[in-house]
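Have a look at the structure below, then the notes.
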Amino acid sequence: MSEATTDKGRRDFIVVATNTMMAVGAAAVVYPLIDQMNPAADTLALASIEVNIAGITEGQAITVKWRGKPVFIRHRTADEIQTAAAANMDDLRDPQVDGDRVQKPELLVIEGICTHLGCVPLGQKIGEVKGDYNGWFCPCHGSHYDTSGRIRKGPAPTNLGVPPYEFISDSVIKIG
Amino acid sequence: MQMQNFKNPVVNWIDHRLPVFSFMHHELNEYPTPKNLSYLWNLGSLAGFALVMMIATGIILAMHYTPHVDHAFASVERIMRDVNHGWLIRYIHMNGASFFFIVVYIHIFRGLYYGSYKAPRELLWILGVMILLLMMATAFMGYVLPWGQMSFWGATVITNLFSAIPFIGESIVVWLWGGFSVDNPTLSRFFALHYLMPFMIVGVVLLHIIALHRFGSNNPLGIDVSGKQDTIPFHPYYTSKDLFGLVVFLTIFASAVFFYPNFLGHPDNYIPANPLQTPAHIVPEWYFLPFYAILRAIPDKLGGVLFMFGAIAVLFVLPWLDKSPVRSGRFRPIFKVFFWLLFADCILLGYLGAKPAEGIYVVLSRLATAWYFFHFLLVLPVLSLIERTRPLPQSISAPIIGGMAMAGAAAKREKPDA
């Protein structure tokens, strides 16, 4: 076949089609090799827990492990609820009404992971530093959280996260 | 090495200081390759592909595997059931080992038939035998990791081979085990070494390729390249030929992985290891069967071990056993017959290795073992003295285009490529 009779359009089509198929094939091979690092079925099966909250007295807080990290459950006092609800939105870095962060005002359920770089803030145990706003204080880089777990001071960008949870009964919640 | 001038200025800038691009161009692009290579010359690049595939899937499996006697079996089952696509990755790794050996064995028989071990490629061949030995060690230790019955008893039997060494054998075995039987210390060191050795293989493979590129590939005629008219650049001719071979290989391999993933394995290895009970019929993986047959053929513990290792050792000295100046079996009428007899003998040994060591199988194993060594130690040296070889063609081009007269025309036609 001489140069003159070569159909460049058909040739280009073959090249593009071949390369496309190769790309599709490569993607199909690479996908399982990457996806294997995502949580496995047995890990996902442990992704929700049930917690009995009947024993937590007012002013007391417990820490439970959910998905490998701490969840803070605090039975807040009337005073704490009051301060949390009264906070001025203009003072907040990540404005959020306290009522949006709780299902029942006395029970605050938040992830105990500082939103700065992932340390566990202090303030759960009696005697621990609770920070300037009487909530939690992260010792790593000095973030202060209030009694609703909202960031008030320090480097953390957002409030402590609220995990998905529901009341199964008055005394049991299911997290996750 | 000739420095190249690349169109891309960034590439040129880097290449001037770090000539990796010139190196790749020289070794993978313009690399002059005999133009008469058959598909049997695909096996080298296929083996390289298999090695990369095994390392990639192996590293992934190591992310999910637990090298502890209490957890190893369960962690493998977790890979099969819970890890995303874990079944696929493990089946690729498991069958990949078998296919790696299939490719390498064909590669070796190719070398045997076409005399690829002869001067000046002796070191190339010896490095290849070293790769085979490393592969065997790696495959053996990998097979122990799932900690099934075959893993455990395979490890027990193979490590006990070393107890045949006089005087110090028993101490060596205890040293290998890190205890008084195959147990947790054995498993964790096998895991560490199984992870290490593939990278040693990569190292020897690089040396293998450096040695290969010194004189270039042998070819089906077994004669030296006589000039530019006998070669074509590696790219695009052999890159595309290798890629086509790879597609064929992957088609067969994928059929095994998806439809017969356990065909080459033993069901007993899905029973957790039990140090108190040996399975009734224990056999190694298929790629060890010929050597296993040789081991059992000799009615003496030390003798069996020596002959088994001797079966590989004899390959190291092969370049000096076969002194015939003619490389390719095509021009050696008697050698050709013996080559196929050796091939059949190896298949027979493989078959016998899978059979129980009793009755006729023992007799046949001994005959086949004797033939194996007879071939290398007697047939090859004698043939190189007495065999009348057929006349060799004048050049690689000659048999294709009919005589030297045409060689000039071929060179002219290739000008545009140069």
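Put in order of Cβ neighbour count within 10 Å, fewest first, the listed residues B:242, A:35 become A:35, B:242. Ranking B:385, A:43, B:258 by how far each Cα lies toward the positive end of the dipole of the protein assembly as shown (charges on Cβ) leaves B:385 at the top.
When only Cα pairs below 8 angstrom with a gap of at least 6 residues are kept, chain B shows a relative contact order of 22 percent. In chain B, the calculated helix contribution to ellipticity at 222 nm averages -20000 deg cm²/dmol per residue, counting -39,500 (n - 2.57) for every DSSP H run with n ≥ 4. In a reduced charge model with +1 at each Lys and Arg Cβ and -1 at each Asp and Glu Cβ, the protein assembly as shown shows a dipole moment near 2420 debye about its Cα centre.
Let me know the shape class of the protein assembly as shown, please: from the alpha-carbon gyration tensor, a ≥ b ≥ c as square roots of the eigenvalues, rounded when a/c is under 1.5, otherwise prolate if a/b is greater than b/c, or oblate. In terms of gyration-tensor shape, oblate. If R0 is 60 Å, the Cβ-Cβ spacing of residue B:341 and residue A:48 corresponds to a FRET efficiency of close to 0.35.
Using all pairs of distinct alpha-carbon atoms, the Kirkwood hydrodynamic radius of chain A works out to 19.5 angstrom. Per-residue mean of foreign Cβ neighbours for B:81-89 is 5 (Cβ atoms of other chains, 10 Å radius).
Taking a straight line from the alpha carbon of residue B:301, these lysines sit under 22 Å away, with near neighbours fewer than eight places off in the same chain left out: B:355. Annotation: average projected area of the range A:80-176 is 6.2 square nanometres, based on the convex hull of Cα atoms across all directions. Each of B:130, B:14, B:159 was scored by the projection of its Cα onto the charge dipole of the protein assembly as shown, and the greatest displacement toward the positive side belongs to B:130; charges sit on the C-beta of Lys, Arg, Asp and Glu. By the beta-carbon count within 10 Å of each Cβ, the least crowded to most crowded order of B:167, B:215, fewest first, is B:167, B:215.
Since only A:30, A:137, A:73 are under comparison, the one whose Cα sits farthest along the positive direction of the charge dipole of chain A, derived from C-beta charges on Lys, Arg, Asp and Glu, is A:30. Near residue B:333: Cβ cut-off under 14 Å, other residues only, Lys/Arg at +1 and Asp/Glu at -1. The net charge is +4.
Taking Cα centre as origin and charging only the Cβ of basic (Lys, Arg, +1) and acidic (Asp, Glu, -1) residues, the dipole magnitude of chain A rounds to 360 debye.
Within chain B, helices built from complete DSSP H runs that reach 27 Å or longer along their own axis (Cα positions) and carry a mean Kyte-Doolittle hydropathy of -0.5 or higher are B:43-64, B:86-113, B:122-144, B:184-215, B:234-259, B:333-353. The mean sequence separation of alpha-carbon pairs under 8 Å and at least six residues apart, normalised by the residue count of the range A:43-175, gives a relative contact order of 25 percent.
A helix-only calculation puts chain A at -8000 deg cm²/dmol for mean residue ellipticity at 222 nm, using -39500 (n - 2.57) for each DSSP H run of at least four residues, averaged over all residues. Calculated FRET efficiency, residue A:65 to residue A:94, Cβ-Cβ distance, R0 = 25 Å: about 0.50 to the nearest 0.05. Taking a ≥ b ≥ c as the square roots of the eigenvalues of the Cα gyration tensor, chain B is classed as oblate, since a/c reaches at least 1.5 and a/b does not exceed b/c. Across the range B:263-279, rounded Karplus estimates of 3J(HN,Hα) from the backbone phi angles (6.51 cos²θ - 1.76 cosθ + 1.60, θ = phi - 60°) give 4, 8, x, 10, x, 4, 7, 9, 9, x, 4, 10, x, 9, 8, 8, x Hz, Gly and Pro being marked x. Fewest neighbouring Cβ atoms within 10 Å first, the residues B:364, B:193 line up as B:193, B:364. The magnitude of the dipole of chain B, with charges of +1 and -1 set on the Cβ of Lys/Arg and Asp/Glu and taken from the Cα centre, is near 1240 debye. The smallest convex shape that holds all Cα atoms of the range B:15-94, its convex hull, gives 146 Å³ per residue.
FYI, it's all coordinate maths here, none of it is from the lab. Source: prediction; values computed, not measured. With ideal geometry, Cβ positions are generated from the backbone for all residues, glycine too; neighbour counts draw on all protein chains shown.
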